Structure formats: C-alpha cells, structure tokens
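See structure below.
Values quoted throughout were computed directly from the atomic coordinates according to the rules given, and no laboratory measurement underlies them. As the structure is a computational prediction, the values presented were derived from the model and not from experiment. Cβ atoms come from the backbone with ideal geometry, glycine included; neighbour counts cover every protein chain shown.
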C-alpha cells in the first residue's frame with residue numbers, strides 16, 4: 001500500500017512536503033552495480049529476464065532517496081512483436097534490420113496482445129511492485145508513436161528524419177495506418193502495465209520535437225490523443241514527455257497527459273504559461289549539467305525549482321535521460337538535497 | 001550598384017513588394033551543376049579556389065529567381081588559421097584531428113588576420129560581387145562562437161555536446177578565453193568580408209540551441225554580443241541564426257543581429273512575440289518539407305507567410321540548410337511562386 005507518496009500527490013496536482021524527484025534512465029550505466037550485470041548480459045536479455053530487470057529497476061532506489069521507480073525496459077521492446085527485427089548494437093544503439101518503408105510494410109505490422117507477448121515485462125512489474133511494498137510508486141512506460149515510427153522507418157537513430165517525414169508527406173494513408181497501429185498497441189501495452197502494478201505511465205515521444213507545430217498537429221496529435229484518452233478512461237495517471245518541444249507544448253497538452261515532461265531548453269515558468277497550470281510539469285535540468293562540479297549542479301537545480309515556483313504539480317527530473325559518464329556522487333547529492341527539511345532546495 | 005533590392009529593404013525593416021527569399025545552402029549538392037564540379041574537387045579545394053567558389057555561389061542565382069546570394073564557404077574554414085587541423089571526410093562530415101581539450105590547447109590557438117589568411121575568400125567575395133553587378137545582394141557569413149567551439153572541442157559533430165559543456169562548466173576561464181578568441185576572430189573575419197563586398201553578414205550559431213537559456217546567457221551571450229557590436233559599429237547589417245532556439249530567441253536578440261533566423265520548430269508569430277517586431281525575422285520552412293509533394297510545400301510555405309503576417313522585416317528561408325536529396329523542381333517552384341504579382345504567396 002502506497003502511503004500517499006509525494007510523487008503521486010504531485011501528479012494529481014496536490015501539495016507536497018517537498019518536490020518529488022526521479023531521473024529518467026536512473027537505472028543505467030552510470031551505476032557500477034548496473035555495469036557489473038551489464039558485463040555479463042546482452043541488453044535484450046536483461047530486458048526480458050524479470051529477475052535481472054527487477055534487480056536493475058531497484059538499484060537506484062537502494063542507492064538514493066528517489067520518489068519513484070521506473071521499470072527497466074526500452075521503448076523499442078514492443079516493436080519485436082509487431083514484426084520488427086531489433087538489435088542493440090554495442091556502441092551504435094538500436095538497429096532495425098527490416099525498416100518500414102512501404103505501405104505493404106505497414107500493412108504487415110501486427111498489433112500484439114500484451115499479455116501474450118510481453119509477459120516478461122508484466123512479470124517484472126509485478127515483482128518490482130511487490131518488492132517496493134508501497135514505499136515508492138512504480139512508473140511504466142512506452143515510446144510515443146512518432147518516436148517509435150521514426151525508428152521503424154529510419155532503421156535506427158536519425159539526424160534529420162528525412163525518411164520518416166517523407167513517408168508522412170508522401171503516403172499519408174500509410175502514415176496514418178502506422179500511427180494508428182502504434183497507438184492501439186501503445187494503449188493496450190501501457191494499460192497492461194497499469195494492471196500489473198505500474199501506478200503512473202510515461203509516454204516518451206522523445207523525438208517529436210523535430211516536427212513543426214503544424215506537422216505535429218496534423219500527423220501526430222490525433223494518434224497520441226487516442227492513447228491518452230484510453231489511459232484517462234482507465235483512470236491511469238500519465239506523463240507525456242518529449243525533447244525540443246518548446247512550441248509543441250500546447251499541442252502535447254491537448255493530446256493528453258496529467259503531467260507534461262519538458263527538456264532543459266524551456267524554462268518551467270514559460271512552459272507552464274504555454275500549457276496552463278491545470279496540468280503538472282516534469283523536468284528539467286540538462287543531463288550534461290549533472291556532470292558539472294556540484295556547486296553548478298546545485299545552482300541550476302535551484303533555478304529549476306525557482307522557475308517552478310513551488311506550485312503543486314512539479315516533478316523534478318532531468319530534461320532527458322542520465323548520461324553514462326555522470327558522476328554517481330552528483331546524482332546522490334541531488335536526490336538527497338531536496339529531501340526532508342535540511343536544505344534550501346526544499347519547498348515544504 | 002544595388003537598386004534597393006527587397007532583401008536589403010527587409011533587413012532594414014522596410015516594406016517590400018513581396019517577401020524576399022533565399023535558401024541556406026542554396027549552393028549545394030541538390031544542384032546537378034554543383035555535383036558535376038564536386039565530383040572533380042575536394043571540398044576544401046573548392047572553398048579555397050576563388051574561381052570555383054564564385055561559380056558555385058552563382059549557380060543557384062542562375063537557376064532560380066532568388067533575392068540574395070551567399071558566398072560558398074564553410075563555417076569551419078577560419079579554424080585552420082587558428083591552428084586546427086580540419087578535414088572533410090566523405091560521408092562523415094568535418095573531422096578535427098587536434099581537438100581542443102585543455103587550457104593549454106586554448107592558449108595555443110591563434111587569432112588570424114583575415115587579410116593575410118583568408119585572401120581566397122575575400123577574392124571570391126569581390127568576384128561574386130562584381131559578377132552580381134548590383135542585381136542581388138551578397139551575404140557573407142561565419143559560425144557562431146558556441147557552434148565553432150563545439151566542433152573544436154568535440155572534434156566533429158556531436159549529439160549531446162558533453163565535452164563542450166564539461167569544458168564550459170569545469171574550466172570557465174579556458175572556456176571564456178576560447179569564446180573570446182573566437183569572437184575577436186569572427187568580428188574581424190566578418191568585417192573583412194563586408195569590406196570585400198558582402199552586404200549582409202550572417203552568424204550561424206547553429207547548435208547553440210542545445211543550451212538551456214541560463215547557460216546561453218552566462219556562457220555565450222556576452223561573447224556573441226561583442227561580434228554584433230563590432231558589426232553594428234561598422235554599419236554592417238547582420239542576421240543571427242540558430243536551430244532549436246525557441247526559448248533562446250530573446251537572448252539571441254539581446255546578443256545582436258538586425259534579423260533573427262528561426263527554425264521550423266517555432267511559428268514566426270510566436271518568434272516575433274518573443275523578440276519584438278523592431279528586429280527582422282528569417283525563416284522558417286522545415287528543409288524536409290521542401291522534399292514533400294509540391295501542394296504540401298506550397299501550403300506550409302503559405303502558412304509561414306501567414307504567420308509572418310506580411311509585416312516588414314520578414315526574409316523567407318528554410319529553418320536550416322537545403323538537404324542534398326531535395327528536388328530541384330520544388331526549390332524552383334518555391335523561389336518562383338513568391339516573385340512578382342502572379343501568385344497568392346505575394347504580399348506586395
């Protein structure tokens with residue numbers, strides 16, 4: 001049983017004793033205990049082994065006073081069951097061996113049943129939830145439809161998203177079918193995580209910020225909205241995240257999410273002005289700033305809190321995931337500095 | 001003699017018969033006549049040969065009705081005379097063989113005299129200016145200090161700018177010395193181009209958008225301001241460009257520039273609201289949109305003009321450079337559609 005934890009209170013726009021904090025990719029390579037496991041296992045193997053995934057999920061919670069856990073997984077995981085051949089190549093990132101390039105490729109994509117195909121993830125979630133024993137809420141997540149679509153089409157990471165946008169412009173029917181399949185998959189994938197014990201769901205549409213506001217509205221928003229509508233109808237609280245989204249924020253808010261995740265390029269007061277204070281906000285220290293000498297980290301973190309203005313609904317986080325070379329001591333100091341009544345970073 | 005061309009009028013916030021247009025990287029690989037020359041010469045060789053550079057500069061002007069020429073060069077060119085070993089590697093982009101990593105590396109950088117070291121560029125500018133014969137203004141340019149510094153430190157393109165930001169945070173004295181040397185170099189480099197015939201100067205701080213507003217203000221703005229102060233004192237009109245700068249725009253405006261260049265991620269009415277209508281604005285069609293079927297290009301280009309609202313001081317452009325696979329016919333149609341009184345894209 002969760003004892004009214006501050007992370008859930010913030011997601012519901014309620015007052016908290018101090019600002020809750022968690023870090024995207026808090027289970028990751030900057031932790032020595034993670035690297036020790038990673039040495040012996042491939043990434044896909046780690047995601048699919050509930051014992052390993054649960055252990056890795058809990059590592060940062062054991063190391064630091066964080067206000068939320070996030071299940072150890074990858075946004076690309078559900079694509080395999082859609083028919084995508086996925087590999088994580090050392091030092092290169094994800095590679096897709098059969099990229100989606102034609103209407104026929106889109107037609108061939110399957111929409112998997114989550115209970116049947118993602119049992120490993122749902123088991124991990126159940127185990128972590130039991131282990132956490134109500135002390136800290138657990139976040140489940142999925143990729144946003146644009147972001148997943150871009151990986152499927154480009155075959156990996158991209159700089160200019162040329163193939164993705166060309167499919168979008170040149171074959172709008174195939175684009176819409178692709179986005180629709182992804183939206184249907186994501187809604188059921190996220191709701192299955194909720195049923196298994198994930199208390200909040202985050203949608204990472206990390207690369208949607210490469211779109212103009214007009215293109216986002218026309219080609220992405222209607223599909224993303226379907227996902228958040230499904231979550232809301234099921235009563236599952238949600239976070240909607242992207243990077244480089246300064247001028248997409250009002251449209252991301254329209255698509256849905258109880259909390260909107262913002263990267264470091266936008267001050268939180270400006271972000272809140274754009275989306276309205278009737279939704280929460282998550283962010284937004286630059287992940288590279290977390291690698292700076294501690295006095296700079298502390299100063300910039302304070303500025304984030306000042307911009308948020310102590311308003312209910314702020315979840316402190318980075319503007320994107322923790323980078324591998326981040327000093328653990330900085331992560332610890334930041335997690336500890338806002339807890340309790342000891343420091344000036346406290347908004348209690 | 002330039003007959004009061006609409007590009008210069010727009011830069012000076014004066015009314016124009018229709019919106020002037022030019023394209024970043026308008027001299028480039030999407031043009032067959034460019035590829036024919038490129039096949040036979042290395043990039044550095046092309047930049048340094050005034051005959052080739054002048055010919056390539058003029059190619060798009062011969063092909064389309066554009067309102068400005070921009071000298072064929074690269075923002076990294078002046079780094080060689082500072083002591084940087086630069087190579088353009090086929091398919092990979094620029095590589096710097098002796099990246100700047102320590103205070104000693106920064107100390108060793110020279111600030112070159114432009115007349116002595118960049119004679120090839122100044123000659124190209126004089127030749128192009130003579131050839132243009134006043135019909136269309138010529139733009140000279142340089143890289144912004146953050147962008148050039150990031151290439152010098154990372155040794156090439158970067159995704160997260162970790163080394164750059166770490167030097168900035170960890171060695172602020174060396175960072176400031178680096179930015180100062182770049183600012184002094186850039187001011188003299190741009191002013192030498194102006195003396196040789198470049199009528200407008202654009203500063204491409206293309207990657208400054210990876211910084212938070214606070215970091216931009218603290219670590220970049222004071223240095224960039226020195227460059228624009230020097231240009232203003234010399235009476236040289238200027239354009240200040242970056243990508244991903246939605247919430248840096250007010251600070252870029254404070255740093256200087258008669259026109260602020262904006263990428264496609266921000267609607268021009270929002271951009272003008274942030275910077276004030278007493279400076280001009282340049283942009284901002286997504287370069288990938290220019291690869292779309294023509295009806296989509298036309299619609300999005302019209303939306304750009306609608307957002308600009310026909311207000312004096314708008315220079316139509318892409319939000320970044322033309323991509324190599326762009327269809328020439330789209331570039332031509334876009335350049336032609338806003339000329340004269342023939343089309344609804346005209347704001348005369």
Exam field: residue A:225 pseudo-label spacings to other copies (7 Å along Cα-Cβ), nanometres = 4.4
Considering only DSSP beta bridges with both partners in the stretch A:176-331, what is the antiparallel share in %, to the nearest 5?
-> 0
In whole angstrom, how long is each semi-axis of the equivalent ellipsoid of the stretch B:28-176, when you take the square root of 5 times every eigenvalue of its Cα gyration tensor and sort them from largest down?
-> 32, 17, 14
Dividing the mean separation of Cα pairs under 8 Å (6+ apart) by the residue count of the stretch B:146-243 yields a relative contact order in percent of 34
What's the exposure ranking of A:18, B:210, going from fewest to most Cβ atoms within 10 Å?
-> A:18, B:210
Of the listed peptides B:193-199, A:243-249, what is their order by residue-averaged count of other C-beta atoms within 10 Å, with the highest listed first?
-> A:243-249, B:193-199
For chain B, what does -39500 (n - 2.57) per DSSP helix run (n ≥ 4), summed and divided by total residues, give at 222 nm, in deg cm²/dmol to the nearest 500?
-> -13500 deg cm²/dmol
Whole-Å distance, taken between Cα centres, linking the stretch A:203-238 and the stretch B:175-217 = 38
Quantify how strongly other chains surround peptide B:211-217 by giving the mean number of their Cβ atoms within 10 Å of each of its Cβ atoms.
-> 6
If you take every DSSP beta bridge whose two residues both sit in the protein assembly as shown, what share of them, in percent to the nearest 5, is antiparallel?
-> 15
What are the nm distances, shortest first, from residue B:131 to its equivalents in the other copies, labels at 7 Å along Cα→Cβ?
-> 6.7
Computed over the Cα atoms, what is the radius of gyration of the stretch B:6-337 divided by 2.2 N^0.38 Å, N being its residue count?
-> 0.94
The stretch B:99-172-the stretch A:124-143 distance, computed between alpha-carbon centres (Å) | 50
Considering only the stretch B:6-337, what is the antiparallel percent among its DSSP beta bridges, to the nearest 5?
-> 15
What residue among A:207, A:294, A:272 has the largest mean-square fluctuation in a Gaussian network model of chain A, using Cα springs under 10 Å?
-> A:294
For the rotation that superimposes chain A on chain B, which residue of A has the C-beta lying nearest to the axis, and at what distance in Å?
-> A:246, 2
Find the relative contact order for chain A and round it to a whole percent, using C-alpha pairs within less than 8 Å whose residues are 6+ positions apart.
-> 22
Nearest 10 degrees, 0 to 90: helix A:119-132 Cα axis against chain A principal axis = 10
If R0 is 25 Å, what FRET efficiency do you get for residue B:254 and residue B:157 from their C-beta distance, rounded to 0.05?
-> 0.35
Going by how many other Cβ atoms sit within 10 Å of their own, how do A:318, B:190, A:61, A:44 line up, fewest first?
-> A:44, A:61, B:190, A:318
Per 10 Å bin, what is the whole-percent P(r) computed from every C-alpha pair distance within the protein assembly as shown?
-> 3, 15, 24, 26, 19, 10, 3, 0
Part-to-part distance (alpha-carbon centres) for the stretch B:5-70 and the stretch A:289-315, which is given in Å | 45
Report, in degrees rounded to the nearest 10, the 0 to 90 angle that the Cα long axis of helix B:328-337 makes with the longest principal axis of chain B.
-> 60
Could you tell me how many degrees, from 0 to 90 and to the nearest 10, lie between the Cα long axis of helix A:221-233 and the main elongation axis, the longest principal axis, of the Cα atoms of chain A?
-> 60
Checked the stretch A:46-85 against the a/c 1.5 cut and the a/b vs b/c comparison, axes a ≥ b ≥ c from its Cα gyration tensor; verdict prolate
List the distances, in nm and shortest first, from the label point of residue B:65 to the matching label points in every other copy, placing each point 7 Å from Cα along the Cα-to-Cβ direction.
-> 7.0
